[in-house]
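Enquirer: This is the structure, below, for whatever I ask next.
The values are calculated or read from the model by the stated rules, or taken from the named source; none is laboratory data. Keep in mind that what you see is a predicted model, and the values were worked out from it rather than measured. Here the Cβ is made from the backbone with ideal geometry for all residues, glycine too, and neighbour counts use every protein chain on show.
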Amino acid sequence: MARVLTVLRQTSLEAYLWMGALLVLALTDPSAERLLRICPLDLLDVSWCPGCGLGRAIAHLFRGEVLLSFHMHPLALPAVVILSGRIVRLFADATQRTLSLNQSR
Amino acid sequence: MARILRYLPELDGDEQIYVAQLFKDLTDEQAEYFSHVYRQHRKEANITLATALVGFLGIAGLHRFYMGHVGMGLLYILTAGLCFIGTIVDLFRYRDLTFQYNRRKADDLAVLVQQALPPGEDKPGELPPGE
């Protein structure tokens with residue numbers, strides 16, 4: 001148990017940031033009127049951004065609305081896969097570090 | 001501690017401390033070999049920062065390619081740095097990103113060096129006698 005806690009503490013903040021972002025998207029209703037406009041390009045009325053709609057698309061995915069997701073942004077699934085891969089990698093690094101710390105004691 | 005200053009004077013901060021710690025288990029010869037190879041493979045934090053900043057000017061994710069994160073890099077390019085959030089987060093954490101990469105390289109290299117140059121061998125690169 002202590003080692004699990006060590007791994008969690010050793011894990012880079014980045015992993016928790018991505019997990020947090022995915023969690024927020026999972027809990028967001030993508031078809032609702034938007035509450036937050038945080039995208040700088042959106043605020044500047046830019047329409048040509050290649051990433052536009054990705055957040056909403058991921059939210060759709062978490063709701064099982066695969067077709068809606070693909071329509072909103074086709075790369076939502078690869079995005080989630082790649083981010084998950086990154087999160088796992090960061091935890092794996094922390095685990096490896098924890099195990100080698102233990103060995104040297 | 002003096003060896004790190006002798007062999008890898010350009011390191012500082014967390015990286016210097018970490019590699020100095022690795023050096024404790026290495027002989028002089030191993031440390032020298034390590035330093036020579038590590039210098040070729042390590043990434044510079046300033047370059048991470050510079051490539052990440054380019055994300056605001058048009059092409060996001062270059063710093064991810066620099067770190068060898070091809071999947072993340074492609075994702076960033078195609079989604080404007082995950083709607084800029086990825087770029088901004090990475091900008092705050094560019095030093096840690098670089099250090100993560102270097103730390104992994106240093107760990108692998110330390111193991112490699114200890115296997116390739118066992119202490120007491122006169123001729124590095126040859127197999128140990130017997131076995």
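Enquirer: Where residues in region A:59-79 are within 10 Å of another protein chain (Cβ to nearest Cβ) and hydrophobic (A, V, I, L, M, F, W, C), which of them is nearest to the chain's Cα centre (by Cα)?
Expert: Taking the candidates together, the pick is A:79.
Enquirer: Let me ask another. State yes or no: is residue A:47 free of Cβ contacts under 8 Å to residues at least 40 places away in the same chain and touching a His at 6+ places or on another chain (Cβ under 6 Å)?
Expert: Judged against the criteria, residue A:47 is not a match.
Enquirer: Are there helices (runs of 4 or more DSSP H) fully within region B:75-120 with at least 1 residues that are surrounded by fewer than 21 Cβ atoms within 10 Å (Cβ to Cβ)? List them.
Expert: B:85-92, B:94-116
Enquirer: Still on this structure, I have one more. Being more than 19 Å from the chain's Cα centre (by Cα), away from chain B (no Cβ under 13 Å) and modelled with pLDDT under 90 narrows it down to one residue among A:35, A:41; which is it?
Expert: Unique residue meeting the criteria: A:35.
Enquirer: While we're looking at this one, here's another question. Are there helices (runs of 4 or more DSSP H) fully within region A:1-104 with at least 1 residues that are exposed (fewer than 14 other Cβ atoms within 10 Å of the Cβ) and not hydroxyl-bearing (Ser, Thr, Tyr)? List them.
Expert: Answer list for region A:1-104: A:2-10, A:13-27, A:40-43, A:66-72, A:76-103.
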